[in-house]
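Peer 1: So that we are looking at the same thing, I have put the structure below in structure tokens.
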Amino acid sequence: LQIFAGILLQVGISSFRKRSQFFFSALFIFLSYAVTYFGINIIQEGSFEQIRWSLYAWFGGNALLSLMAYPLIFLFEKSFGFLSEVSLLEISDANNSLLRELNEHAPGTFQHSLQVANLAEEAISAIGGNSLLVRAGALYHDIGKMKNPRYFTENQHGNNPHDDLPYNESARIIIDHVINGVELAKKHRLPEEIIDFIRTHHGTTRPEYFWRMYVKDLGYTPEDDSAFRYPGPLPYSRETAVLMMADGVEAASRSLKHYDEKSIEGLIDSIFNHLMDANQFIHANITFKEITEIKRIFKRKLMNIYHSRIEYPK
């Protein structure tokens with residue numbers, strides 16, 4: 001009975017995506033015990049007379065006791081430092097306080113994070129990875145922008161405060177959103193697995209616009225560009241690498257003047273080539289084949305997002 005019930009539960013509920021699945025799992029356990037016990041008795045005895053109907057009450061109690069797994073998961077997470085899918089679901093809830101705060105203080109960044117989450121989730125699902133983890137990481141990867149939301153284009157409405165700053169100071173403010181994000185995440189006790197997405201989503205790249213304008217003003221390229229580089233570290237997994245790709249592509253797609261297949265494909269190729277030339281994926285277990293598949297998915301998703309609409313009569 002234990003073997004059959006355990007196997008059927010593992011096959012029937014392979015992963016948790018909704019809290020209601022805990023209650024369905026309890027029902028599944030009861031049915032597994034009940035049907036298996038009934039079948040074994042019929043095979044052995046050939047009649048209903050030897051069936052002990054009182055055991056069905058114990059089967060029901062067993063199923064109800066399985067609901068104790070919910071608090072135990074929380075206890076084991078805190079004790080041994082792992083992150084379950086149940087916790088990822090709770091963290092990804094857009095109604096939690098930190099994401100509501102992001103939506104209130106930096107609405108453009110919040111919308112950007114939602115789009116990045118959608119891109120990254122579909123891409124990681126296609127190549128084989130933890131889609132819940134990458135979605136949660138994407139939702140929080142830019143929370144550091146809440147400290148200075150007006151300095152990021154998605155939150156600007158006409159006035160650009162960077163116009164009054166030197167390029168190196170602008171770059172410092174942009175780079176600091178990673179550090180600010182890590183501090184804010186720790187303050188709100190987000191798991192380290194989520195904070196890693198904040199740390200790695202820019203790797204060791206540069207805010208290229210401010211770097212190029214700085215070089216242009218100097219008239220030469222300085223050897224030391226450390227003041228213009230994100231602190232890293234580099235992405236170390238498929239999930240963190242995919243988030244970096246999705247973040248770069250989604251942000252750059254907003255700057256396109258014309259949205260068609262050629263322009264979107266060219267944009268994606270340029271972003272991916274830049275990241276690979278900068279050795280941003282050397283620590284991530286991701287292949288060229290998987291990168292090609294991710295590019296195909298991003299192209300299709302962006303084409304759907306920016307598809308042309310008919311012009312309505314005035």
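Peer 1: Which of (1) under 22 Å from Val134 (Cα atoms); (2) touching a Phe, Trp or Tyr at 6+ places or on another chain (Cβ under 6 Å); (3) touching a residue at least 40 places away in the same chain (Cβ under 8 Å) does Tyr306 not meet, given it meets every other one?
Peer 2: (1)
Peer 1: Something else: Surrounded by 13 or more Cβ atoms within 10 Å (Cβ to Cβ) and out of contact with any helix residue (DSSP H, G or I) (no Cβ under 9 Å at 6 or more places or on another chain) - does that describe any residue in segment 195-207? Show your work before the answer.
Peer 2: In the first step, residues of segment 195-207 are kept if they are surrounded by 13 or more Cβ atoms within 10 Å (Cβ to Cβ); the result is 195-207.
From the residues that got through so far, the ones that are out of contact with any helix residue (DSSP H, G or I) (no Cβ under 9 Å at 6 or more places or on another chain) too are 204.
Taking every residue of segment 195-207 in turn, at least one turns out to be surrounded by 13 or more Cβ atoms within 10 Å (Cβ to Cβ) and out of contact with any helix residue (DSSP H, G or I) (no Cβ under 9 Å at 6 or more places or on another chain).
Peer 1: Being in contact (Cβ under 8 Å) with a residue 12 or more places away in the chain and among the small types (Gly, Ala, Ser) is the filter; apply it to segment 154-176 and report the residue that is nearest to His141 (Cα to Cα).
Peer 2: Ala171
Peer 1: Which of the following residues is out of contact with any strand residue (DSSP E or B) (no Cβ under 6 Å at 6 or more places or on another chain) and closer than 30 Å to Pro191 by Cβ: Glu49, Glu85?
Peer 2: After applying the criteria, what remains is Glu85.
Peer 1: Could you go through segment 31-44 and let me know if any residue there is in contact with a Ser or Thr (Cβ under 9 Å, 6 or more places away or on another chain), among the hydroxyl-bearing types (Ser, Thr, Tyr) and either in a helix (DSSP H, G or I) or in contact (Cβ under 8 Å) with a residue 60 or more places away in the chain (or both). Full working, then the answer.
Peer 2: Just the residues of segment 31-44 that are in contact with a Ser or Thr (Cβ under 9 Å, 6 or more places away or on another chain), to begin with: 41.
Those still in the list that are among the hydroxyl-bearing types (Ser, Thr, Tyr) too: none.
The answer is no, given that none of the residues of segment 31-44 is in contact with a Ser or Thr (Cβ under 9 Å, 6 or more places away or on another chain), among the hydroxyl-bearing types (Ser, Thr, Tyr) and either in a helix (DSSP H, G or I) or in contact (Cβ under 8 Å) with a residue 60 or more places away in the chain (or both).
Peer 1: Another question about this same structure. Looking at Asn180 and the list (1) touching a residue at least 40 places away in the same chain (Cβ under 8 Å); (2) more than 20 Å from Trp211 (Cα to Cα); (3) in a helix (DSSP H, G or I), which single condition is not satisfied?
Peer 2: If we test Asn180 against (1) touching a residue at least 40 places away in the same chain (Cβ under 8 Å); (2) more than 20 Å from Trp211 (Cα to Cα); (3) in a helix (DSSP H, G or I), just (1) comes out false.
Peer 1: Anything in segment 241-258 that is surrounded by fewer than 20 Cβ atoms within 10 Å (Cβ to Cβ) and either under 20 Å from the mean Cα position of the chain (by Cα) or farther than 23 Å from Phe110 by Cβ (or both)? List them, or say none.
Peer 2: Ala251, Ala252, Lys257, His258
Peer 1: Right, another one. Tell me yes or no: at least one residue of segment 3-17 is at pLDDT 85 or above, open to solvent by 50 Å² or more (accessible area, probe 1.4 Å) and either over 30 Å from Tyr151 (Cα atoms) or hydrophobic (A, V, I, L, M, F, W, C) (or both).
Peer 2: Start the filter on segment 3-17 by keeping residues that are at pLDDT 85 or above, which leaves 3.
Restricting the remaining residues to those that are open to solvent by 50 Å² or more (accessible area, probe 1.4 Å) gives 3.
Among the residues that remain, those that are also either over 30 Å from Tyr151 (Cα atoms) or hydrophobic (A, V, I, L, M, F, W, C) (or both) are: 3.
For segment 3-17, residues at pLDDT 85 or above, open to solvent by 50 Å² or more (accessible area, probe 1.4 Å) and either over 30 Å from Tyr151 (Cα atoms) or hydrophobic (A, V, I, L, M, F, W, C) (or both): present.
Peer 1: Taking into account only those residues within segment 259-289 that are in contact (Cβ under 8 Å) with a residue 12 or more places away in the chain and β-branched (Val, Ile, Thr), which is surrounded by the fewest Cβ atoms within 10 Å (Cβ to Cβ)?
Peer 2: Ile282
The values are calculated or read from the model by the stated rules, or taken from the named source; none is laboratory data. This structure is a prediction, so every number in the text was calculated from the model and none was measured. Every residue, glycine among them, receives a Cβ derived from its backbone with ideal geometry; neighbour counts consider all protein chains shown. What goes into the accessible areas is simple: the full protein's heavy atoms, side chains included, and nothing from ligands, DNA or RNA. Shrake-Rupley method; radii C 1.70, N 1.55, O 1.52, S 1.80 Å.
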